[in-house]
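Written below as structure tokens is the structure these notes are about.
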Amino acid sequence: MRMMYGYQMPTQLIIGAGCIEKTKEQLKNYGTQAYIITGKHASKKNGSLEDVKKALESQKINYHLFDEVEANPSLETLQKAVDQVKNEKIDFIIGIGGGSPIDAAKGIAVLLASPNLCSTTLIGGEAKGHLPVVAVPTTAGTGTEVTQYAIVTDHKDKTKKNIGHRVFPSLAYLDATYMMGMAHELTQSTAVDAMSHLVESYLNKKSNSLSEAYVQQGLQLFGECIASLLDGRYTYEIREKLLLASTLGGMAIAQTGTSLPHGMGYSLTYHKGVLHGLANGVLYNAYLDCFKDQTKVDKIVQWMGLESREHLRGLLQKLCPSEGITLTEEELERYSLDIYSNKAKTSNHPEEVTKEMLEAIYRKSLKII
Ligand code: NAP
Ligand code: FE
């Protein structure tokens, strides 16, 4: 029986250098009082925060600023941001930064619209909708500007989780200018995150004709950036291609979700502090090797413009060095059990997932001590 599927991507995108300044009157559609959510430093250095502030001032929109979002934001940070504006009437949220501030912005948008919820009840609680979110990505990896997901750290359960409330940004500004000064290592890791969204969407039970169109185009763009990702030289055109590949990856996983490497990488990020993209990427060769339908893996190689699976293997090894990430036997067992019981991820894998298979992926990818 053929699968039934739906399609939703309600985010308005405005793309190109200087796009905030050029279309700043759009912001008036969302109200007269904004809450800007960002990380500690990057948005001040790359000009994105300044551009947003100027645009708001020109439109006579008041704003408050919370600039304390850490990488892999915790539920406690979301609550702190909410508490800071508890006496204000906020109309909309602007998330500026990598996936962390934008995901935090989504969680804050739910909490501000749902006074019945707080950080400890956000996941699993009933929300009363969310405030509109405007996203300004300054990394090219997560695609969160076009997804309904918001990934937060739950210290109580010692892992990362999706908040479970659907928050598609209403508007996203895609300006690759903000990525021009990004360090090579972060560029590689975030690009691998984008690639892993595209691949996990395709090697997914829910993959369909529409999501596959994004995957094909996204992997082609990623393929055109491989030389730069290896030698560390990034022109504006390359930065924009990486950003579009990331957004296409987001559009694809918005339809299908991610799969095993994302679920498995969360433990490496939470317990070992490994960057999100790298945490997925180090597992990739073993994941692709155990994927049953190798004709799909061949398609990925072809769409990236690579000659063979061996070329992809070498590329992943270079982009995702695993030296320095070690697991004990006890950690291996515990992390494998965590992902084995994460049905949201294992159910997206088209074959039956066994605990042995997950253990084997960790074992083949990392040094076990
Ligand atoms: P991030 O955690 O947002 O940021 C990582 C670092 O990059 C921070 O130190 C940040 O600095 C810095 N940074 C941001 N923009 C920069 C720029 N233009 N130049 C230089 N440095 C910059 O990284 P991310 O990889 O974008 O996001 C990862 C998070 O997104 C994870 O929590 C992951 O689980 C989540 N995620 C979400 C989705 C989704 O659909 N919602 C999908 C995949 C991943 P500051 O701290 O100073 O800002
Ligand atoms: Fe990701």
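The values are calculated or read from the model by the stated rules, or taken from the named source; none is laboratory data. All of these numbers come straight from a predicted model, not from anything done at the bench. Cβ sites come from the backbone with ideal geometry, for glycine too, and all protein chains shown count toward neighbours.
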> Counting only residues that are more than 25 Å from E352 (Cα to Cα), of a type in the set (S, T, N, Q) and assigned to a helix (DSSP H, G or I), how many does the range 288-318 have?
Replying inline: 2
> Got a number for residues in the range 69-97 being acidic (D, E) and touching a His at 6+ places or on another chain (Cβ under 9 Å)?
Replying inline: 2
> Restricting the first residue to the range 147-160 and requiring it to be aliphatic (A, V, I, L, M), which pairs with a second residue that is part of a strand (DSSP E or B) and more than 14 Å from ligand 2 (Cβ to nearest atom) meet a Cβ separation below 9 Å and a spacing of at least six or different chains?
Replying inline: V152/S74
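Scan the range 333-348 residue by residue and report those that are part of a helix (DSSP H, G or I) and of a type in the set (G, A, S). Spell out the reasoning first.
So the first thing to find is which residues in the range 333-348 are part of a helix (DSSP H, G or I), and the list is 333-340, 343-346.
If the condition is that a residue be part of a helix (DSSP H, G or I) and of a type in the set (G, A, S), then S336, A344 are the ones that fit.
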>> Anything in the range 208-220 that is in contact (Cβ under 8 Å) with a residue 60 or more places away in the chain and under 18 Å from the mean Cα position of the chain (by Cα)? List them, or say none.
In response: V215, L219
>> Restricting to the range 148-200, name every residue that is among the hydroxyl-bearing types (S, T, Y), more than 11 Å from ligand 2 (Cβ to nearest atom) and more than 23 Å from G18 (Cα to Cα).
In response: T153, T159
> Among S246, S267, which is of a type in the set (G, A, S) and within 13 Å of ligand 2 (Cβ to nearest atom)?
Replying inline: S246
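Condition check: part of a strand (DSSP E or B), within 27 Å of M180 (Cβ to Cβ) and either within 16 Å of ligand 2 (Cβ to nearest atom) or at pLDDT 95 or above (or both). Does V134 satisfy that?
Values: part of a strand (DSSP E or B): yes; within 27 Å of M180 (Cβ to Cβ): yes; either within 16 Å of ligand 2 (Cβ to nearest atom) or at pLDDT 95 or above (or both): yes.
Yes, satisfied.
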> Would a scan of the range 320-331 turn up a residue that is under 25 Å from G141 (Cα atoms) and assigned to a helix (DSSP H, G or I)?
Replying inline: no
> Name the residues in the range 187-207 that are within 23 Å of T177 (Cα to Cα) and over 13 Å from the mean Cα position of the chain (by Cα), would you?
Replying inline: T187, Q188
>> Go through the range 265-284 and report how many residues are crowded, with 20+ Cβ neighbours inside 10 Å and more than 14 Å from ligand 1 (Cβ to nearest atom).
In response: 3
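Checking the structure you have, find out if any residue of the range 139-158 is more than 11 Å from ligand 1 (Cβ to nearest atom) and buried (at least 22 other Cβ atoms within 10 Å of the Cβ).
First, pick out the residues of the range 139-158 that are more than 11 Å from ligand 1 (Cβ to nearest atom): 154-158.
Next, from what is left, pick out any that are buried (at least 22 other Cβ atoms within 10 Å of the Cβ): none.
No: zero hits.
Select from the range 105-133 the residues that are among the small types (G, A, S) and in contact with a helix residue (DSSP H, G or I) (Cβ under 6 Å, 6 or more places away or on another chain) and list them in ascending order. Outline the logic, then answer.
Within the range 105-133, the first condition is being among the small types (G, A, S), and the residues that meet it are 105, 107, 109, 113-114, 119, 124-125, 127, 129.
The answer is G107, S119, A127, G129.
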>> Go through the range 258-281 and report how many residues are touching a helix residue (DSSP H, G or I) at 6+ places or on another chain (Cβ under 7 Å) and outside any helix (DSSP H, G or I).
In response: 4
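To keep it simple, each residue is scored yes or no on (1) of a type in the set (A, V, I, L, M); (2) on the phi > 0 side of the Ramachandran plot.
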{"residue": "H197", "(1), (2)": "no, no"}
{"residue": "L203", "(1), (2)": "yes, no"}
{"residue": "F222", "(1), (2)": "no, no"}
{"residue": "G232", "(1), (2)": "no, yes"}
{"residue": "E237", "(1), (2)": "no, no"}
{"residue": "L244", "(1), (2)": "yes, no"}
{"residue": "S259", "(1), (2)": "no, no"}
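Quick grid of which residues meet (1) touching a residue at least 40 places away in the same chain (Cβ under 8 Å); (2) crowded, with 24+ Cβ neighbours inside 10 Å:
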position	(1), (2)
Y234	yes, no
I238	no, no
L244	yes, no
L248	yes, yes
M251	yes, yes
G257	yes, no
L260	yes, yes
G263	yes, yes
